[in-house]
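Colleague: I have a structure I would like to understand better, so I am pasting it below and will then ask my questions one at a time.
The values are calculated or read from the model by the stated rules, or taken from the named source; none is laboratory data. In this text, all values refer to a predicted model and were calculated from it rather than measured experimentally. Note that each Cβ is placed from the backbone with ideal geometry, even for glycine, and that neighbours are counted across all protein chains shown. The protein model used for the area step is the full one, side chains on, heavy atoms only, and it has no ligands, DNA or RNA in it. Shrake-Rupley method; radii C 1.70, N 1.55, O 1.52, S 1.80 Å.
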Amino acid sequence: MTQAPPPNTPTYGPGYAVPAPLPSGQATASMVLGILGLLMIPIVLPIIALCLGISARRKADRGEAGGRNMAVAGIVLGGVGCALALLGVVVAVVQFVSSGSL
């Protein structure tokens, strides 16, 4: 004799897959901060986007949360934002030194 599943437990018939987990808040925040880091605050936000993206991707890889692609997008945007910020700092220093202001 088979037992019925406990109440409020979703049952899936044959051919139906378990739904994918929702994206984590860290993955979403990483992607949003990566985009804003490219547009508004180019030094601080990309670093935060990188940290959140790496953390969210690790959670998604372990199966604790979804949103792996959003986390990867945040990592990429954060890396590009950090590279552009570093390039801007280098250009500013070179211009400062070459102008003879020292």
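Colleague: Pick from the stretch 57-102 the residues that are under 14 Å from the mean Cα position of the chain (by Cα) and among the β-branched types (Val, Ile, Thr): which of them is nearest to ALA20 (Cα to Cα)?
Modeller: VAL72
Colleague: In the stretch 35-51, which residue that is assigned to a loop (DSSP other than H, G, I, E, B) and not β-branched (Val, Ile, Thr) is modelled with the highest pLDDT? Explain how you work it out, then say what you get.
Modeller: Let us first name the residues in the stretch 35-51 that are assigned to a loop (DSSP other than H, G, I, E, B), namely 40-43.
Then drop every residue that is not not β-branched (Val, Ile, Thr), which leaves 40, 42.
Values: MET40: 90, PRO42: 85.
If we take residues in the stretch 35-51 being assigned to a loop (DSSP other than H, G, I, E, B) and not β-branched (Val, Ile, Thr), then MET40 is modelled with the highest pLDDT.
Colleague: Do we find a residue being in contact with a helix residue (DSSP H, G or I) (Cβ under 6 Å, 6 or more places away or on another chain) and open to solvent by less than 30 Å² (accessible area, probe 1.4 Å) anywhere in the stretch 80-91? Talk me through it step by step, then tell me what you get.
Modeller: Restricting attention to the stretch 80-91, the residues satisfying the condition of being in contact with a helix residue (DSSP H, G or I) (Cβ under 6 Å, 6 or more places away or on another chain) are 81-82.
Going one step further and asking which of them are open to solvent by less than 30 Å² (accessible area, probe 1.4 Å), we end up with 81.
Checked against the condition, which is being in contact with a helix residue (DSSP H, G or I) (Cβ under 6 Å, 6 or more places away or on another chain) and open to solvent by less than 30 Å² (accessible area, probe 1.4 Å), the stretch 80-91 yields at least one hit.
Colleague: So which of VAL32, VAL18 is out of contact with any Ser or Thr (no Cβ under 7 Å at 6 or more places or on another chain) and at pLDDT below 95? Spell out how you get there, then give the answer.
Modeller: Values: VAL32 fails: at pLDDT below 95.
Unique residue meeting the criteria: VAL18.
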